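Everything below concerns the one structure shown next.
The values are calculated or read from the model by the stated rules, or taken from the named source; none is laboratory data. Just so we're clear, the structure is a prediction, and the values are computed from it rather than from any experiment. Cβ placement follows ideal geometry from the backbone for every residue including glycine, while neighbour counts extend to all protein chains displayed. Accessible surface areas use protein heavy atoms only, side chains included; no ligands, DNA or RNA. Shrake-Rupley method; radii C 1.70, N 1.55, O 1.52, S 1.80 Å.
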Amino acid sequence: SKIEEAKQSAARKAVEDHFDPNFSYVGIGSGTTIIYVIEAIKERSSNPQIQFVPTGYQSRQAIVDAGLKPIAFDSLPNDVLLDVAFDGADEVDEDLNCIKGGGACLFQEKLVAERARKFVCVADYRKDQPRLLTTWPTIPIEIAPLSAPVVLSALRALGSPSPTIRSNKQAKAGPLKTDQDFFIVDAPFPPLLLPQDVTGSGDGTKFGEGGEGKWEVGSLAKRIKEITGVLDVG
Ligand code: DER
């Protein structure tokens, strides 16, 4: 299909531009696009020395199914950095900010991205939007279950109309649990602004204070990290 072809060509380009068969450690994200990244890496290299760091059970299984060598994030030698981490995204704005978390693998994805010299986001044309939350409706946040009531009320205070704990009715009654046994909160906000939208705007958009619910992307990301103590990966 047109979408699968777009995913595959994005993956091939990403691998062509950012993968080197002499690498030692490569991060592998979660979702469907990443499968094409793995296929493209297989075509480029048969170097058995490379070890692949998964971002969850699905990512690890994809590495194993491709006959590549997984290494768990917490088995990496101390202080070693990944040469590159490839991952997908749900939406990307014109400043290359990303919405991630559609696949509920956010915590490990952030850990791996943080530990890589270079983070390569592989996203087809559907994800390419002028501002975040143009088509993807919510900001996914992975949290410790115990913190849910506090996080939900703090998000409402930031102007999110109806933050919710993600459930997967087809799979089970009650909330979805991630590979860390955490919750995913999905927080809707109006489309996020970029700095160039706000400078000297004078339209009542309070820079980063959620005036009329409008947030500049960096300010909101900072506030959400403060609320959830989430690993700050920028
Ligand atoms: O959960 C994520 O952030 C993933 O990267 C994911 O949403 C991308 O999924 P896709 O490649 O199947 O669109």
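Search the range 97-106 for residues being within 12 Å of the ligand (Cβ to nearest atom) and touching a residue at least 60 places away in the same chain (Cβ under 8 Å), and hand back the single one that is most open to solvent (accessible area, probe 1.4 Å).
Pass one, the range 97-106, residues within 12 Å of the ligand (Cβ to nearest atom): 98-106.
Then drop every residue that is not touching a residue at least 60 places away in the same chain (Cβ under 8 Å), which leaves 101-106.
Numbers: Gly101: 4, Gly102: 31, Gly103: 56, Ala104: 14, Cys105: 16, Leu106: 11 Å².
The selected residue is Gly103.
Among Lys7, Lys69, which is the only one that is touching a helix residue (DSSP H, G or I) at 6+ places or on another chain (Cβ under 8 Å) and farther than 24 Å from Asp124 by Cα?
On the way: Lys7 fails: farther than 24 Å from Asp124 by Cα.
Exactly one residue qualifies, and that residue is Lys69.
So if I check each of Thr199, Thr138, Thr134, which one is open to solvent by 70 Å² or more (accessible area, probe 1.4 Å) and among the polar types (S, T, N, Q)? Walk me through it before giving the result.
Working: Thr138 fails: open to solvent by 70 Å² or more (accessible area, probe 1.4 Å); Thr134 fails: open to solvent by 70 Å² or more (accessible area, probe 1.4 Å).
Every option except Thr199 fails the conditions.
Working carefully through the options Ala157, Ala148, find the one that is open to solvent by less than 10 Å² (accessible area, probe 1.4 Å) and without any contact (Cβ under 8 Å) to a residue 60 or more places away in the chain.
Values: Ala157 fails: open to solvent by less than 10 Å² (accessible area, probe 1.4 Å).
Just a single option satisfies the conditions, and that option is Ala148.
Strands (runs of 3 or more DSSP E) wholly in the range 93-195 with at least 1 residues that are within 19 Å of Leu220 (Cα to Cα) and at pLDDT 95 or above - which ones?
Working: elements: 119-121, 138-143, 183-188.
It comes to 138-143, 183-188.
Exactly one condition in (1) open to solvent by less than 30 Å² (accessible area, probe 1.4 Å); (2) away from the ligand (no atom under 15 Å from the Cβ) is not met by Asp79; state its number.
Asp79 satisfies all of (1) open to solvent by less than 30 Å² (accessible area, probe 1.4 Å); (2) away from the ligand (no atom under 15 Å from the Cβ) except (1).
List the pairs whose first member sits in the range 107-127 and is in contact (Cβ under 8 Å) with a residue 24 or more places away in the chain and near the ligand (Cβ under 10 Å from one of its atoms), whose second member is assigned to a helix (DSSP H, G or I) and among the aromatic types (Phe, Trp, Tyr), and whose Cβ atoms are under 8 Å apart, counting only residues at least 6 apart or on separate chains?
Close Cβ pairs satisfying both conditions: Val122/Tyr36.
Give me a count of the residues in the range 173-190 that are surrounded by 15 or more Cβ atoms within 10 Å (Cβ to Cβ) and either β-branched (Val, Ile, Thr) or out of contact with any strand residue (DSSP E or B) (no Cβ under 8 Å at 6 or more places or on another chain) (or both).
Final tally of qualifying residues: 5.
Checking Ala85 against (1) within 15 Å of the ligand (Cβ to nearest atom); (2) touching a residue at least 60 places away in the same chain (Cβ under 8 Å); (3) in a strand (DSSP E or B): exactly one of these is not met. Which one?
So the condition that Ala85 fails would be (2).
Spot the failing condition for Asp90; the list is (1) open to solvent by 10 Å² or more (accessible area, probe 1.4 Å); (2) over 30 Å from Trp136 (Cα atoms); (3) out of contact with any Pro (no Cβ under 6 Å at 6 or more places or on another chain), and only one is missed.
Going through (1) open to solvent by 10 Å² or more (accessible area, probe 1.4 Å); (2) over 30 Å from Trp136 (Cα atoms); (3) out of contact with any Pro (no Cβ under 6 Å at 6 or more places or on another chain) one by one, Asp90 breaks only (2).
Please name all residue pairs, on different chains or six or more residues apart, with Cβ atoms under 8 Å, provided the first residue is in the range 57-73 and is on the phi > 0 side of the Ramachandran plot and the second residue is open to solvent by 80 Å² or more (accessible area, probe 1.4 Å) and at pLDDT 95 or above.
If the second residue must be open to solvent by 80 Å² or more (accessible area, probe 1.4 Å) and at pLDDT 95 or above, the pairs left are Gly67/Lys42.
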